[in-house]
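Notes follow once the structure below has been shown.
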Amino acid sequence: MTDTVDLPVGESPSGMPEFPMNRAAGCPFDPPPTAMAQQKKAPLTKVGLWDGSTPWLVTRYAEQRALLADPRVSSDITRPGYPNQGPVSPDGASLSFILKDDPEHARLRRMVTAPFAIKRVRAMRPAIQKIVDELIDGMLAGPKPVDLVDAFALPMPSLVICELLGVPYTDHDFFQDNSKIVINRDTEPEQRLTAIRALNAYLDELMGEKLAAPADDLLSGLAERVREGQLTQQEAAQMGVLLLIAGHETTANMIALGTLALLEHPDQLALLRDTDDPALVTSAVEELLRYLNIVHNGRRRVALEDIDIAGERIRAGDGLIIANDIANRDPDAFPEPDRLDIERDSRHHIAFGFGVHQCLGQPLARLELQIVYSTLYRRIPTLQLATTLDQIPFKHDGSVYGVYELPVTW
C-alpha cells in the first residue's frame, strides 16, 4: 500500500535480532514482518537490546495474556534485568506508578481511578460531543484541504484531558511539544530527561496552585491527597504528567490513524458512516484498536521467579517484551487477523494491556473514539485524502504510532 523501504533488521551488541524491529513495506497498518515471522516460528524468542541484554520477545496472544496476569512478573523498572528502552534517569524523573508493582502500584492507582470509572466517563458524553461538533464546525467553516491532525485529532483529546485534569488548554503547545520529545524513540537521553523535567516542573507548579485554590478537577483531587499526607507533591506531579501525556497522545493518534485506515477501506467506512446502531460503532472502535495497535514498544516486564511457559523456561531476572501489536494479529485469537472487519467481535484484544496494569483511561478513550467515529464521517460524508498514501508521514520513530500529518478534503 506504500513504497516504504523494508530495512533489514539490525543486530544488537549481543548479536541477536534487535528490538524494536522495522515496520513493513506495504501496508502501514501492519506490525513488522520480522516480528510476525517470529510469531509463526515460536511464541517466545530472544532478542537483543541497545545495552547488549537479551530479553524474551513474547509474540502470541495466549502467552501474552498469561504473563501479563502472572504475579511472578514485575513492572518495576528499577529491578535488574528489566528491559529498558534506554538509560534510566538517575534522579527518577521518569518513574510513575505504572512502572511499580503492587502494593505500591495499587495504592497510587486507586488515587486516580474514580474519575475514569465507567459511570463518570459516560456522564462526559455531552461535553465531549460538544467539543467534537465545534471542531468539525471549525473545519467546515475554514479552508480546505486541512490537516486533520492539527485541526481535529490532536486538539480534541487535548481539550478533554485538560478539562478533566484541570490543566489550562492555553498551555497545550508546551505540553504537546514536550510529550513528543518524551515518546520519540530517537530522542537523546539528555533531551528526554530535559522534557520530563520540564513537564514535572510545570505540573508541580500547577499542583501548588491547586493546593492553594482547589477546583472540581482531577489535579485538585490529587492535591487533597497531598494535603492529607497520602502523596508527596512530586508524586502527584508525576502522576499528572503520566495522565496528561497518555490522555492526549494515544487518542489523537487513534483518531488520525483510524480515519486513514477507514479511508483505505471504503467498504468499512461506509458501514460505519451509515449506521445508527451504537453496537456497530462500539464494535468498530474495538476492531480499530485491535487492528492498528498504536503502542509499539511492547509492554516491558522482568521475571521474579523461573516461569515455564510454551516449552521455554523464563529464568528469574530475564526481561520480557510483551508486544501487543503482534498478539492482536495472532490468527489463533483473531481469524484472518490482517483483515479490518468492524463487524467482528474484537473485545478480547489487548490494545489496553491485561491484568492489574491494563490502561486506566480505557473507558475515556473508548468513549472519545465512539463519539469521533460516529460523528466525523456522518457530518463530512465525502471526507477523503488530499494527498497520496505514500506522501503521508508516519511516526516510525515513536513509541506511539500514528501520522504526523493527514491532509484531507471533502
Original post:
Quick one: in segment 116-155, which of the residues that are of a type outside the set (A, V, I, L, M, F, W, C) and touching a helix residue (DSSP H, G or I) at 6+ places or on another chain (Cβ under 8 Å) is surrounded by the most Cβ atoms within 10 Å (Cβ to Cβ)?
Top reply: 155
Original post:
Do we find a residue being part of a helix (DSSP H, G or I), open to solvent by 60 Å² or more (accessible area, probe 1.4 Å), in contact with an Asp or Glu (Cβ under 9 Å, 6 or more places away or on another chain) and within 18 Å of residue 261 (Cα to Cα) anywhere in segment 385-401?
Top reply: yes
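Any residue at all in segment 323-343 that is β-branched (Val, Ile, Thr) and more than 30 Å from residue 125 (Cβ to Cβ)?
Yes; the residues of segment 323-343 include at least one that is β-branched (Val, Ile, Thr) and more than 30 Å from residue 125 (Cβ to Cβ).
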**OP:** Please work out which residue is farthest from residue 107 (Cα to Cα), limiting yourself to segment 339-361 and to residues that are of a type in the set (Asp, Glu) and open to solvent by 30 Å² or more (accessible area, probe 1.4 Å).
**Re:** 343
**OP:** Considering only segment 156-189, state which residues are open to solvent by 40 Å² or more (accessible area, probe 1.4 Å), without any contact (Cβ under 8 Å) to a residue 60 or more places away in the chain and not in a helix (DSSP H, G or I).
**Re:** 168, 188
Subject >> Qualifying positions in segment 295-321 - surrounded by 24 or more Cβ atoms within 10 Å (Cβ to Cβ) and among the β-branched types (Val, Ile, Thr) >> reply: 314
**OP:** Show the residue pairs that are 6+ apart or on different chains and have beta-carbon atoms under 6 Å apart, the first residue being within segment 117-134 and farther than 22 Å from residue 154 by Cβ, the second being in a helix (DSSP H, G or I).
**Re:** 118/363
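Checking the structure you have, find out if any residue of segment 362-375 is part of a loop (DSSP other than H, G, I, E, B) and either touching a Leu at 6+ places or on another chain (Cβ under 6 Å) or open to solvent by less than 40 Å² (accessible area, probe 1.4 Å) (or both). Steps first, please.
So the first thing to find is which residues in segment 362-375 are part of a loop (DSSP other than H, G, I, E, B), and the list is none.
No, the conditions are met nowhere in segment 362-375.
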Original post:
Residues of segment 230-283 being open to solvent by 40 Å² or more (accessible area, probe 1.4 Å), polar (S, T, N, Q) and within 26 Å of residue 147 (Cβ to Cβ), which ones?
Top reply: 250
Original post:
Which residue pairs have Cβ atoms closer than 6 Å, lie 6 or more positions apart in sequence or on different chains, and pair a first residue in segment 139-151 that is closer than 15 Å to residue 379 by Cα with a second residue that is at pLDDT 95 or above and part of a strand (DSSP E or B)?
Top reply: 139/146; 148/408
Original post:
Are any residues in segment 207-216 surrounded by fewer than 20 Cβ atoms within 10 Å (Cβ to Cβ) and part of a helix (DSSP H, G or I), and if so, which ones?
Top reply: 208, 209, 211, 212
Original post:
Does residue 330 fit the bill of being out of contact with any helix residue (DSSP H, G or I) (no Cβ under 7 Å at 6 or more places or on another chain) and either over 24 Å from residue 131 (Cβ atoms) or buried (at least 21 other Cβ atoms within 10 Å of the Cβ) (or both)?
Top reply: no
Subject >> Which listed residue is part of a strand (DSSP E or B) and either within 30 Å of residue 152 (Cα to Cα) or polar (S, T, N, Q) (or both), from 34, 78, 54, 45 >> reply: 45
Subject >> Residue identified as at pLDDT 95 or above and either outside any helix (DSSP H, G or I) or in contact with a strand residue (DSSP E or B) (Cβ under 7 Å, 6 or more places away or on another chain) (or both) among 95, 67 >> reply: 67
Original post:
Does any residue in segment 291-316 that is within 30 Å of residue 343 (Cβ to Cβ) come within less than 7 Å, Cβ to Cβ, of a residue that is among the polar types (S, T, N, Q) and part of a strand (DSSP E or B) six or more places away or on a different chain, and which pairs are these?
Top reply: none
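Suppose we keep only residues that are among the hydrophobic types (A, V, I, L, M, F, W, C) and in contact with a Ser or Thr (Cβ under 6 Å, 6 or more places away or on another chain) within segment 3-48. Which one would you say is modelled with the lowest pLDDT?
In this case the residue turns out to be 9.
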Subject >> Search result, residues across segment 105-115 that are open to solvent by less than 40 Å² (accessible area, probe 1.4 Å) and either closer than 20 Å to residue 158 by Cβ or part of a helix (DSSP H, G or I) (or both) >> reply: 105, 106, 108, 112, 115
**OP:** Kindly indicate which of 198, 223 is assigned to a helix (DSSP H, G or I) and under 22 Å from the mean Cα position of the chain (by Cα).
**Re:** 198
Subject >> Filtered residues of segment 116-155 (kept if more than 19 Å from residue 263 (Cα to Cα), assigned to a helix (DSSP H, G or I) and of a type outside the set (A, V, I, L, M, F, W, C)) >> reply: 119, 120, 122, 125, 126, 129, 130, 133, 134, 137, 138, 155
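The values are calculated or read from the model by the stated rules, or taken from the named source; none is laboratory data. Source: prediction; values computed, not measured. Virtual Cβ from ideal backbone geometry, glycine too; neighbours counted across all protein chains shown. Remember, those area values only see protein heavy atoms, side chains included, never the ligands or the DNA or RNA. Shrake-Rupley method; radii C 1.70, N 1.55, O 1.52, S 1.80 Å.
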